[in-house]
Amino acid sequence: MAAEGEQAPSFEKATDGGGTLALGDLKGRKVVLYFYPKDDTPGCTKEAEGFRDAIADFDAAGASVVGVSKDSVARHDKFKAKYDLPFALVSDDDGSLCEAYGVWIEKKNYGRTYMGIERSTFLIDESGKIAKAWRKVRVKDHVAAVLEATRNL
C-alpha cells in the first residue's frame, strides 16, 4: 500500500485518446493522482468536474491532475468528451496500478460484498514521493482540500 513519505509506485499505462502516460513523464511537476470507481457515475462525475473546474489553479500550483479507473480507454474517451475533462484519464484495466497504490479493496453495499476501487487521491511531489494521501474520499470539498495541500507543498 502506497503511503505518505514513500516513493510513488511508478507506472506506464494507456490513457484516453490512445496515448500512454508514465509517472516518470511528469517528473519535476507535482502530480494529483486520483482513483475513482467508474466513469459517468454520479459521484465520479462530480469529482471529475471538480478537478476540471479547478484545473487552472492546479496548473498555477505546478501540478498535473491524472484520473485512474479500471474503465477502458474507449469509455474514458466518452467520459472525457461528455464532461470536457482537460486532464489525462488512465485505464488500469488489469488492476495493477490499483493494487500498487492499495486502492483495490473489498467493499460492502446493501449486504453484498465485492472488490472495487476505494476513492483515493495521492499528491506526489516533484521528486516522485507521496506527500499526502487521502483514502475513503468523500467528494464534497475534496478538490478544495487537495488544491490547498498542493499549493502548500
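Using Cα centres only, tell me the gap between the range 1-61 and the range 97-141 in whole Å.
After rounding, the separation between the Cα centres reads 12 Å.
Counting other C-beta atoms within 10 Å, which of ASP25, ASP71, ASP125, ASP94 has the fewest, and how do the rest follow?
Lowest count first: ASP94, ASP25, ASP125, ASP71.
When a/c is below 1.5 the answer is rounded, else prolate if a/b is larger than b/c, else oblate, so apply that to the chain with a ≥ b ≥ c taken from the square roots of the Cα gyration tensor eigenvalues.
Taking the square roots of the gyration eigenvalues as a ≥ b ≥ c, the chain is rounded.
Pairs of Cα atoms under 8 Å, at least six residues apart: use those to get the relative contact order of the range 48-110, whole percent.
In percent, rounded to a whole number, it is 33.
Which longest run of the chain has no exposed loop site in it, a site being GluC sites (Glu not before Pro) in a DSSP loop with at most 15 other beta carbons within 10 Å, and the site itself not part of the run?
Between the exposed loop sites, the longest stretch runs 7-125.
With runs of 4+ DSSP H residues as the only contributors, calculate the mean residue ellipticity of the chain at 222 nm using -39,500 (n - 2.57) per run, divided by the residue total and rounded to the nearest 500.
-8500 deg cm²/dmol
Just name one of TRP104, ALA81, VAL66: the one whose Cα is farthest towards the positive end of the charge dipole of the range 62-108 (beta-carbon charges, Lys/Arg +1, Asp/Glu -1).
Farthest towards the positive end: ALA81.
Between SER10 and ARG112, how many nm apart are label points set 7 Å from Cα along the C-beta direction?
Spacing of the two 7 Å Cα→Cβ label points: 4.0 nm.
Between THR113, THR41, THR15, where does the largest GNM mean-square fluctuation fall for the chain, given springs only between Cα atoms within less than 10 Å?
THR113
With charges only on Cβ, +1 for K and R and -1 for D and E, what is the dipole size of the range 15-67 about its Cα centre, in debye, rounded to 20?
240 debye
Can you compute the charge dipole magnitude of the chain about its Cα centre, using +1 on each Lys and Arg Cβ and -1 on each Asp and Glu Cβ, nothing else charged? Give it in debye, rounded to the nearest 20.
Computed about the Cα centre, the dipole is about 480 debye.
Count the DSSP beta bridges whose two residues both fall in the chain, then state the antiparallel fraction as a percent rounded to the nearest 5.
The antiparallel fraction comes to roughly 65 percent.
Calculated FRET efficiency, ASP53 and TRP134, Cβ-Cβ r, R0 25 Å, to nearest 0.05?
Result of the calculation: an efficiency of 0.85.
Taken together, the values in this text are just the output of simple stated rules run on the coordinates, not laboratory data. Since the structure is predicted, the reported quantities are computational estimates derived from the model, not experimental observations. Positions of Cβ are generated from backbone atoms using ideal geometry, with glycine treated the same way; all protein chains shown enter the neighbour counts.
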